[in-house]
């Protein structure tokens, strides 16, 4: 037993001496490798649409097609656990334009967009914001043109959409712009049509 113990001590001592002579181990590359940074999209979706002017009054009309384009930015509020608050408190900012192909009223607008899922494929989309337009305000007398009272208006819209794929969607929507009685007159501007959306 003494011989076995002596041999064990000698082997441990020689092992320690060998380890002391070894160069220090190189640090692991994982410790210094850059950690992946989560990329955040600035632009979340673009939508383009073709609409027509609609009004139940025969004396208020605007002929021609209205072509619209809209950019929706990523949500600026972190995701929430509550599904209701997650929809209501996390709208997407948007900017857009509506151009009259017949030389009538064109608009530039901005606001917030809310999308509410309905099942797996359908969704309701709504917006609220403001718009600036080049149409008739009432200071000019133009027959049969809508008189909006002021050049800066409130703008809201509502639509029903369907997701064709993870990226493409089709939306039927109606938008309305008016001054909510802050100016006189207040004919308003209303359009209805079809939109196509593409998500990045």
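Read-outs: derived from the displayed coordinates by stated rules, not from any lab. Everything numeric in this text was worked out from a predicted model, so none of it was measured. All Cβ positions, even for glycine, are placed from backbone atoms using ideal geometry, and neighbour counts span all protein chains on display.
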- Query: How big is D for the stretch 97-167, in µm² s⁻¹ as a whole number, if Stokes-Einstein is applied with the Kirkwood radius of its Cα pairs at 25 °C and 0.890 mPa s?
  - Reply: 171 µm²/s
- Task: Using only alpha carbon positions, build the gyration tensor of the stretch 35-87, then give the equivalent ellipsoid semi-axes as the square roots of 5 times its eigenvalues, largest first, whole angstrom.
- Result: 39, 17, 6
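Compare the peptides 160-167, 173-180 by average per-residue count of other Cβ atoms within 10 angstrom and give them in order, highest first.
Numbers: 160-167: 12.9, 173-180: 18.9.
Result, highest mean Cβ count within 10 Å first: 173-180, 160-167.
What order do you get for 120-126, 148-154 when each peptide is scored by the mean count of other beta carbon atoms within 10 Å, highest first?
Values: 120-126: 14.1, 148-154: 19.4.
Per-residue Cβ counts within 10 Å, averaged per peptide and sorted highest first, yield 148-154, 120-126.
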